[in-house]
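K.L.:
Here it is, the structure, as structure tokens.
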Amino acid sequence: MNNAAILLVDDEQSILELMLTVLHKEGYTNVDTVMTGEAAITACEGKIYDLIILDVMLPGRSGIEICPFLRQTTDAPILFLTARESDFDKLTGFAVGGDDYITKPFNPLEVVARIRSQLRRYLAANLAVKESGSAQPSSKMNAIYDYGHFQVDETAGELRVEQTVVACPALVFQLLLFLCKNPNRIFSKSELYEAVWGEEALSDDNTVMVHIHRIRERIEPDPANPCFIVNVRGLGYKLVQAKIGSYRRL
């Protein structure tokens, strides 16, 4: 995991130097730094990163503004850094594709702990998808969950919507696959988090909400009015057989 490629994006040289020192001390040596949003976009176009730390207040376009552009080229975890603490800022960061949110001033060791946690989940999920796609098919493994409008191919690690393969980040795919394996069953956010991330959910509801949102963006004809993944108020989420599709396991 210490070979993971990390991108630091901040316009304060002192913060970049502090984070570089801490990360190098912890064994992370494959770390790049840039100071503008445009430079971050260029960096992600030229290199595959495993994690990005992104300052919100950047010169020119903000971290919030460039995050959707980064998401076009990477599904790596994005950790926002900001001095603003309002719930609106946090929700905005999650909505545009962020995975975590750290306010300044921060404890560098806490940031390292969060980096480790995000990398562990991300790299494990990517490995699981690669292994499922490279494994030899068998009668048990050759599972395709067909909902008419979309299909999830467990063996190939693919999501197809209207017969077109749709790019799907590893953790988003794992969550969708779990729901496909358990149709019409309600799961709380904590249950989904523990099932997919493999850890006890303490206060990580936002992580599940963000990934549900990313699934809906891919499989729902109208993400604002979901018909496949529905929210049962006060209980959680479930994947249902929408009228436009049909469920079958091949």
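The values are calculated or read from the model by the stated rules, or taken from the named source; none is laboratory data. Remember, it's a predicted structure, so these values are computed and weren't measured experimentally. Every residue, glycine as well, gets a Cβ built from its backbone with ideal geometry; the counts of neighbours run over all protein chains shown. Ligands, DNA and RNA are excluded from the accessible area calculation, which covers all protein heavy atoms including side chains. Shrake-Rupley method; radii C 1.70, N 1.55, O 1.52, S 1.80 Å.
K.L.:
Pull out all pairs, ordered by first then second residue, where Cβ-Cβ is under 8 Å, the residues are six or more apart or on different chains, the first lies in the range 93-107 and is under 19 Å from Leu16 (Cβ atoms), and the second is of a type outside the set (Val, Ile, Thr) and assigned to a loop (DSSP other than H, G, I, E, B).
P.N.:
Asp100/Pro77; Thr103/Ala83; Thr103/Arg84; Thr103/Glu85; Lys104/Ala83
K.L.:
Of all the residues that make up the range 16-31, how many are touching a residue at least 40 places away in the same chain (Cβ under 8 Å) and over 25 Å from the mean Cα position of the chain (by Cα)?
P.N.:
1
K.L.:
Right, something else. Can you tell me which of Tyr237, Tyr193 is modelled with pLDDT under 90, touching a helix residue (DSSP H, G or I) at 6+ places or on another chain (Cβ under 7 Å) and not small (Gly, Ala, Ser)? Reasoning before the result, please.
P.N.:
On the way: Tyr237 fails: modelled with pLDDT under 90.
Step by step, each of Tyr237, Tyr193 is checked, and only Tyr193 is modelled with pLDDT under 90, touching a helix residue (DSSP H, G or I) at 6+ places or on another chain (Cβ under 7 Å) and not small (Gly, Ala, Ser).
K.L.:
In the range 1-91, which helices (runs of 4 or more DSSP H) lie fully inside it and hold 3 or more residues that are modelled with pLDDT under 90 and at negative phi? I'd like the intermediate steps shown before the answer.
P.N.:
Details: elements: 13-25, 37-46, 63-71.
Where helices (runs of 4 or more DSSP H) fall fully within the range 1-91 and carry at least 3 residues being modelled with pLDDT under 90 and at negative phi, they are 63-71.
K.L.:
All but one of (1) polar (S, T, N, Q); (2) in a helix (DSSP H, G or I); (3) surrounded by fewer than 21 Cβ atoms within 10 Å (Cβ to Cβ); (4) modelled with pLDDT under 85 hold for Ser138, so report the exception by its number.
P.N.:
(2)
K.L.:
What residue, of Ile52, Ile64, is under 18 Å from the mean Cα position of the chain (by Cα), open to solvent by 10 Å² or more (accessible area, probe 1.4 Å), closer than 19 Å to Gly93 by Cα and among the aliphatic types (A, V, I, L, M)?
P.N.:
Working: Ile52 fails: open to solvent by 10 Å² or more (accessible area, probe 1.4 Å).
Every option except Ile64 fails the conditions.
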